Structure formats: structure tokens, C-alpha cells
1. Return yes when H194 is assigned to a strand (DSSP E or B) and open to solvent by 30 Å² or more (accessible area, probe 1.4 Å) and no when it is not.
2. How many residues does region 197-229 contain that are free of Cβ contacts under 8 Å to residues at least 40 places away in the same chain and assigned to a loop (DSSP other than H, G, I, E, B)?
3. Give, as residue ranges, the helices (runs of 4 or more DSSP H) completely inside region 66-180 that count at least 2 residues that are of a type in the set (G, A, S) and either open to solvent by 20 Å² or more (accessible area, probe 1.4 Å) or touching a Phe, Trp or Tyr at 6+ places or on another chain (Cβ under 6 Å) (or both).
4. Quick check, is R166 basic (K, R) and farther than 23 Å from R11 by Cβ?
5. Cβ-Cβ distance below 6 Å, separation of 6 or more or different chains: which pairs start in region 133-151 with a residue that is under 23 Å from I222 (Cβ atoms) and end on one that is among the small types (G, A, S)?
6. Taking P189, is it under 25 Å from H57 (Cβ atoms) and either acidic (D, E) or under 15 Å from the mean Cα position of the chain (by Cα) (or both)?
7. Check off (1) at pLDDT 95 or above; (2) more than 20 Å from S160 (Cβ to Cβ); (3) touching a helix residue (DSSP H, G or I) at 6+ places or on another chain (Cβ under 8 Å) for W44 and give me the number that stays unchecked.
8. Exactly one condition in (1) in a helix (DSSP H, G or I); (2) open to solvent by less than 60 Å² (accessible area, probe 1.4 Å) is false for R41; which is it?
Amino acid sequence: MLAAPHAPYDRDWLMARFAEGLEIRMVRPPLKGFVMFQPGRLSWRPIEGGTRAVVVHDLRVAPGPDAAEAVRRLWAGVEGFATYYGYAAVLAVTGRDEGLISPDLAPGRGWMTLDETARKARLWGRVLHGPWPLARLPRDWQTRAALLGAGPVLQTTGESAALEARATRLIEAAAARGIVLRHDKLMDPESARHRAVYPAAVFSVLRDGVRIGGAEMPDAAILAALGGA
């Protein structure tokens, strides 16, 4: 179901992640929802200091009167897994951008905000046992972007089939306008943690070493920003 045409994940990407320790948990009917999480050392989100933690990659529930209970059970399930296997903490990044967990589904009591970006991407943490140096988001976003070099660049992780198809369309549309749009596809968790130019990681548009937006930008706006209007 996660790899269906309407679903957010590419099947091949998911299958490869299972070999890296990806876990998926679902709530029992009539509740509807799932959570995906990984060991911090193999996380596909740019978090520093998360090696001894479990990182929640995604959490979604069906809207309705039972949504709050589904959310509570999913977060509790991740905490139970992390506690059983001796992890020091559970981490998650919320925000409105594609690739982040919706703030409406943020964890509750016992969690604390560890870090936050100017665009309201928030790193949450639930410390299970210590002492443990608190994790944080990277501080070198501008440096990461600058390292991608001059000109237009599209950075993706490959996890979303829909976004990869969109990337292909944008590259073709840019080429038709005489613009060479390079595709920087992050191929493994280490690259995602150390090279992603934004906490969501899944889709970033850059020009001359500056991130100008993500999946929230319409194609026309992206092409205009790249000089293709």
C-alpha cells in the first residue's frame, strides 16, 4: 500500500531501506495510520548526534475522530521499540514541507524541542535514558548548498516516486528553455545526513549555491526562478 500510485514512497527505495533496519508499524482497525523509523546511524534525515537514537522518518494517520488516539499509539509504539532495544532517545522532525512529519501529528508529553530552523522545521526528542548529548539540526546549510556549485541544481533522495517523476519533468522542461538543471540524487543515508541542504531532504531547488525552495513551489515558479520564464 505504501508503494501504490497514490502513496508517498517508491517501492524499490522502501525495499532497500528494509535491509538498513527500516521498521514500519501500523495501528489496528478501526484506527488507521502508520509510522516508519530507522536507527539514527542509518537515518535519511540530516540530524547531528542521532547515532544512539531511533529517528522517525514518517508518521501519518487518517483524519477523523480517532486520529488523536492513532497518533498516540504510534508514538508510543516507537518509544516501546527504542526502549526494548536500548536506544538512548527517539527523534523526529516536524514541519509543513514535504518530507517532514506534520506539526499536527507532533508527539506530546515527555518530548521536547531540541532545535528549530527559520522555516519552522522542528527537531523533537524523547530521551529514554542518559546521559546523552542532545541531538541537533546541522548548522552548515549554506555551506552544503554552496558545495553543489554554480547554476541550477535539483536535490532529491529518491524516496518519493511522485517527486522523482516531477524532477524528471522539470529537468526536461528546463532543457527545453535552454537551462541545464543538474540532478543531485542522494543515494544513501550517509549522503542524506551530510549533504542534504534542508531538513526535509526529499526535494530542494537551488541556484548558484542558494536554496530557493522545495516541493511546495509550483513547476512554473521553479522554472521562473531558474531563469526559464
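The values are calculated or read from the model by the stated rules, or taken from the named source; none is laboratory data. Just so we're clear, the structure is a prediction, and the values are computed from it rather than from any experiment. Here the Cβ is made from the backbone with ideal geometry for all residues, glycine too, and neighbour counts use every protein chain on show. Calculation scope for accessible area: heavy atoms of the full protein, side chains included, ligands and nucleic acids excluded. Shrake-Rupley method; radii C 1.70, N 1.55, O 1.52, S 1.80 Å.
1. Working: assigned to a strand (DSSP E or B): no; open to solvent by 30 Å² or more (accessible area, probe 1.4 Å): yes.
No: the conditions fail for H194.
2. Of region 197-229, the ones free of Cβ contacts under 8 Å to residues at least 40 places away in the same chain are 212-213, 217-218, 220-221, 224-225, 229.
Narrowing the set further to residues that are assigned to a loop (DSSP other than H, G, I, E, B) leaves 217-218, 229.
Counting residues in region 197-229 that are free of Cβ contacts under 8 Å to residues at least 40 places away in the same chain and assigned to a loop (DSSP other than H, G, I, E, B) gives 3.
3. Working: elements: 67-84, 141-147, 161-176.
It comes to 67-84, 161-176.
4. Numbers: basic (K, R): yes; farther than 23 Å from R11 by Cβ: no.
So R166 fails the test.
5. A145/G209; A146/G209
6. Working: under 25 Å from H57 (Cβ atoms): yes; either acidic (D, E) or under 15 Å from the mean Cα position of the chain (by Cα) (or both): yes.
Taking the combined requirement at face value, the residue satisfies it.
7. Result: W44 fails condition (2) only.
8. (2)
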